[in-house]
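Quick notes on the structure that follows.
The values are calculated or read from the model by the stated rules, or taken from the named source; none is laboratory data. A quick note: this is a predicted structure, and the numbers were derived from the prediction, not measured. Note: ideal-geometry Cβ built from the backbone for every residue, glycine included; neighbour counts use all protein chains shown. Heads up: the accessible areas ignore ligands, DNA and RNA and are worked out on the full protein's heavy atoms, side chains in. Shrake-Rupley method; radii C 1.70, N 1.55, O 1.52, S 1.80 Å.
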Amino acid sequence: MASQVDLSSVASGEFPAVVFVNPAAGGGRAGAHLSRIRNIFETHTLPAEFVLTKSAEELEAVARERIRMVKRRRLLLAMGGDGTLQALANAAFGSDILLGILPAGGGNDFAVALGLPKNPVAAAEAVLCSQPRWVDLVRVRTDDGRERLYVGGGGVGLDAEAAGYASGAYRRLPGRLRYIAAALRALRGFAPLQVRAEFPESELPPFESKVLLVGVLNTPTYGAGLWLAPEAQISDGWIDAVFVDDLNLWGVLKLLPRLIRRGDLRIPQLKRIRAKQVKLTASRPCMFHGDGEIIGPAPVKIEVVPHAVQLLAPVVD
């Protein structure tokens with residue numbers, strides 16, 4: 001069995017671990033579990049400061065300032081969902097910082113890919129008995145010049161349009177139900193996209209199709225457990241582009257159970273392409289999202305960033 005890291009080397013009384021909390025994550029789930037998770041840190045005698053933030057932007061700004069001020073290896077954790085972790089990862093990228101995730105959001109697909117329990121309290125216990133693991137991130141450059149890293153899944157089409165509903169009207173729905181309800185709502189009046197995908201610096205030919213969505217994934221699951229890319233791994237140096245055919249409501253409803261079960265590899269309505277880089281161009285103006293956060297307009301260039309950051313992950317035998 002691999003040995004767990006001595007967390008005293010990255011957290012002390014003088015330089016405690018910092019837990020950035022998104023109290024609104026998971027419809028208030030993060031705030032509800034906060035006192036129990038504080039107790040877990042105390043039980044493990046790991047000094048920790050809990051910082052409540054009002055937005056991902058605030059979290060990222062505060063994290064950048066903490067990293068800038070203290071020129072030493074430290075432990076910073078995000079308590080929230082994939083979007084919360086995205087903010088922390090963007091702040092920490094390029095520094096000698098050890099990260100952790102306490103999953104308390106609506107999706108938590110990255111935490112599941114790390115092997116963490118879905119329950120935030122159980123996940124906190126697991127994180128504090130973990131070891132560092134290098135993981136990949138995904139870099140996207142949008143047509144307006146913005147560059148951003150995301151951790152799990154991103155894309156154009158229906159899911160990007162559903163992101164607004166998931167973070168708005170349906171934000172208090174639990175887990176997967178939140179994302180499915182948002183997608184079904186966005187499907188009303190949705191116009192399919194004609195998307196062209198190119199794969200720079202590879203021998204893969206361009207691919208063009210009329211789609212409901214195109215997802216570009218680092219994780220096997222998407223939207224709180226939908227298996228869009230079951231063979232994807234978060235530390236293999238690849239991203240998986242998934243093209244979902246233009247489907248009507250009935251077609252979507254028939255497809256969902258297969259994606260929830262395990263995302264059979266042979267689903268005729270899906271085409272999967274593994275690559276290092278992807279460029280997506282759409283037939284009409286549309287936005288790209290990463291981890292449910294709108295990043296910017298297409299065309300977009302997406303690439304894997306291998307071994308981008310270190311996160312605490314459960315010890316593997």
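Residues of the range 262-292 being acidic (Asp, Glu) and more than 18 Å from residue 113 (Cβ to Cβ), which ones? Even if it seems obvious, please write down each step before you answer.
In the first step, residues of the range 262-292 are kept if they are acidic (Asp, Glu); the result is 264, 291.
Hit for the range 262-292 is 264, nothing else.
Any residue that is open to solvent by less than 40 Å² (accessible area, probe 1.4 Å), at pLDDT below 90 and over 23 Å from residue 226 (Cα atoms) - is there at least one of those in the range 49-72? Scanning the range 49-72 turns up at least one residue that is open to solvent by less than 40 Å² (accessible area, probe 1.4 Å), at pLDDT below 90 and over 23 Å from residue 226 (Cα atoms). Among the residues making up the range 97-125, those that are surrounded by fewer than 21 Cβ atoms within 10 Å (Cβ to Cβ), assigned to a helix (DSSP H, G or I) and over 12 Å from the mean Cα position of the chain (by Cα) are 121, 122, 125. Annotation: of all residues in the range 293-304 being open to solvent by less than 30 Å² (accessible area, probe 1.4 Å) and within 14 Å of the chain's Cα centre (by Cα), the one that is nearest to residue 165 (Cα to Cα) is 295. The test for being open to solvent by 30 Å² or more (accessible area, probe 1.4 Å), closer than 18 Å to residue 253 by Cβ and at pLDDT below 85 holds for residue 189. The residue of the range 138-157 that is farthest from residue 238 (Cα to Cα), among those that are touching a helix residue (DSSP H, G or I) at 6+ places or on another chain (Cβ under 8 Å) and surrounded by fewer than 24 Cβ atoms within 10 Å (Cβ to Cβ), is 148. Count of the range 259-287 residues, restricted to those that are in contact (Cβ under 8 Å) with a residue 40 or more places away in the chain, among the hydrophobic types (A, V, I, L, M, F, W, C) and over 17 Å from residue 218 (Cβ atoms), is 5. The one condition from (1) out of contact with any strand residue (DSSP E or B) (no Cβ under 8 Å at 6 or more places or on another chain); (2) in contact (Cβ under 8 Å) with a residue 24 or more places away in the chain; (3) open to solvent by less than 30 Å² (accessible area, probe 1.4 Å) that residue 168 does not meet is (2). A single member of 267, 234 is among the β-branched types (Val, Ile, Thr), crowded, with 18+ Cβ neighbours inside 10 Å and part of a loop (DSSP other than H, G, I, E, B), and it is 234. Name the residues in the range 183-206 that are touching a residue at least 40 places away in the same chain (Cβ under 8 Å) and touching a helix residue (DSSP H, G or I) at 6+ places or on another chain (Cβ under 8 Å), would you? Selection gives 183, 184, 187.
Checked against (1) out of contact with any helix residue (DSSP H, G or I) (no Cβ under 8 Å at 6 or more places or on another chain); (2) open to solvent by less than 10 Å² (accessible area, probe 1.4 Å); (3) under 25 Å from residue 274 (Cα atoms); (4) among the polar types (S, T, N, Q), residue 209 passes all but condition (2).
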